[in-house]
Amino acid sequence: MVDLLDENNVTPLAGKTIAISISSAPDMNILGFPSSEVDNVLFRLCTAIIRAGGRILYGGNLDPDGYTFKIFEYIKTAYTKPKDKLPFIHLIAEPVFIHNKYEDLLETLNKTETVSQAFIILDNEVTGQLLCMDKEIWIRDDAGHCERLGQNRFKEIKDNFDAKKTAMAFSRMREIAITLSDARIIMGGKMGIIGNTADQYSGKIPGIAEETIYSLQNQQPIVLLGAYGGVSRDIAIELGLMKREVQVPRSKQVDSYHSGMKNVAKCKHLVPIESLEKLGQIANCELQIGDEKFIVKFLASAIANI
């Protein structure tokens, strides 16, 4: 067996893709973490993954102030070494796709094409990679064929989308993400606190909870950064990685949140026994500079031992 914890192995994630699950946590400030500190942790993790030879997968929205663009902008600044494969894979679920203007999506593709591959999921399947060519959007399928996505076709897709299928569409994107990634880092996350409009989620349960469940059910290694709050902290508690007394008090939450936590708890037995101690250490830890390298090595070893 290859010792991926060997200090001489500088690219332990070569050929691997690490999915990142992150969104704003409503209790972040209560725990004493300004958004800038959480961003810094995220960027250090991204750097460590890329330097270790890995790629990053994220399925976020296209909010200019959201984590998708934060990762885009950081990688554009920090990533200078040409590689065969771009370091960032962005999955765009149909509900995200249809809530954007054609011009805005085109501009995003143009700005990020040097660091990211964007894939669109339509009708519950990956339709292809989105490209910006000749000031228009194109879709390239697996065979390399390109189809122009003009304004009329774009409008047709938007008009035909059934809003009742929003939760299903996000769930399908998360299922697809499992097939495209080798491990997952989980941090923050919305909690469905009633009265907090910024803390509502679109899925049948919190998206990060669903991604955690899919990862565990598919024996995909995970790392939970529970110290930074959000649903990730509650997930770490349900999986026995953090003590229940560290749960942050909150006001009433939507019913689906509690259903999600019950479903997470049912997966507790799927956490590898041999990883419990290290996962617990990571879940309870405020990451110091250099700790991201430990996480990369842990994930590399866990992937190799599947």
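Since every read-out is calculated from the coordinates, none of them should be taken as a lab result. As the structure is a computational prediction, the values presented were derived from the model and not from experiment. Quick reminder, even Gly has a Cβ in these numbers, built from the backbone with ideal geometry, and neighbours come from all protein chains shown.
Restricting attention to the alpha-carbon atoms of the chain, what are Rg (one decimal) and Dmax (integer), both in Å?
Reported Rg and Dmax, both Å: 19.0, 57.
If you take the square roots of the eigenvalues of the alpha-carbon gyration tensor of the stretch 162-259 and sort them as a ≥ b ≥ c, do you get rounded (a/c under 1.5), prolate (a/b over b/c) or oblate?
Taking the square roots of the gyration eigenvalues as a ≥ b ≥ c, the stretch 162-259 is oblate.
Tell me, what is the FRET efficiency for residue 270 and residue 163 to the nearest 0.05, using R0 = 45 angstrom and their Cβ-Cβ distance as r?
Given R0 = 45 Å and the Cβ-Cβ separation, E is 0.85.
Nearest 500 deg cm²/dmol is fine: what mean residue ellipticity at 222 nm does the chain get from its DSSP H runs of n ≥ 4 alone, each adding -39,500 (n - 2.57), divided by its residue count?
Estimated from H runs of four or more residues: -12000 deg cm²/dmol.
Highest first, please rank the peptides 45-52, 144-151 by the mean number of other Cβ atoms sitting within 10 Å of their residues.
Most protected by this proxy first, the peptides run 45-52, 144-151.
Between residue 11 and residue 252, how high is the FRET efficiency from 1/(1 + (r/R0)^6) when r is the Cβ-Cβ distance and R₀ = 51 Å? Nearest 0.05.
E between residue 11 and residue 252, to the nearest 0.05, is 0.60.
So if the hydrodynamic radius of the stretch 143-210 is defined as the Kirkwood radius over C-alpha pairs, what does Stokes-Einstein give as its diffusion coefficient at 25 °C and 0.890 mPa s, in µm² per second?
D, rounded to a whole number, is 164 µm²/s.
Between the stretch 56-128 and the stretch 137-160, how many Å separate their Cα centres?
16 Å
Under a plain spin-label model, where a point goes 7 Å from the Cα along Cα-to-Cβ, how far apart in nm are residue 148 and residue 76?
2.7 nm
Once you order the gyration tensor axes a ≥ b ≥ c over the Cα atoms, which shape class does the stretch 1-157 get: rounded for a/c under 1.5, otherwise prolate or oblate by comparing a/b with b/c?
oblate
Quote to one decimal, in nm, the extra length available between residue 245 and residue 29 on full extension: 0.36 nm per residue of separation minus the C-alpha distance between them.
Numbers: separation 216, 0.36 × 216 = 77.76 nm, distance 1.84 nm.
Full-extension gain reported as 75.9 nm.
Neighbouring Cβ atoms within 10 Å as the yardstick, rank 164, 190, 262 fewest first.
Fewest to most other Cβ atoms nearby, the residues stand as 164, 262, 190.
Extending each Cα 7 Å along its Cβ direction at residue 51 and residue 196, get the distance between those two points in nm, one decimal.
For the pair residue 51/residue 196, the computed spacing is 3.3 nm.
What is the set of long-range amide H partners of residue 88 at a cut-off below 5 Å, with H atoms built 1.01 Å from backbone N?
Here the answer is 56, 117, since their amide H atoms fall under 5 Å of that of residue 88.
What pairs in 16/278; 16/293; 190/268; 16/165 have C-alpha atoms more than 24 Å from each other? Before the final figure, lay out each step's value.
On the way: 16/278 21 Å; 16/293 15 Å; 190/268 21 Å; 16/165 32 Å.
Flagged as over cut-off: 16/165.
At 7 Å along Cα-to-Cβ for each site, give me the label-to-label distance between residue 175 and residue 281 in nm.
Reported label-point gap for residue 175 and residue 281 is 3.7 nm.
For residue 133, enumerate residues with amide H under 5 Å from its amide H, sequence gap 5+ or separate chain, H modeled in the peptide plane.
Under 5 Å from the amide H of residue 133 lie the amide H atoms of 138, each far enough along the sequence or on another chain.
Residue-wise, which Karplus ³J(HN,Hα) couplings in Hz belong to the stretch 240-247, taking 6.51 cos²θ - 1.76 cosθ + 1.60, θ = phi - 60°, and x for glycine or proline?
Going residue by residue, I get x, 8, 9, 6, 5, 6, 8, 5 Hz, with x marking Gly and Pro.
May I ask you to evaluate 6.51 cos²θ - 1.76 cosθ + 1.60, the Karplus curve with θ = phi - 60°, for each residue of the stretch 22-29 and list the ³J(HN,Hα) values in order in whole Hz, giving x for glycine and proline?
Per-residue couplings from phi come out as 8, 7, 4, 9, x, 9, 4, 5 Hz.
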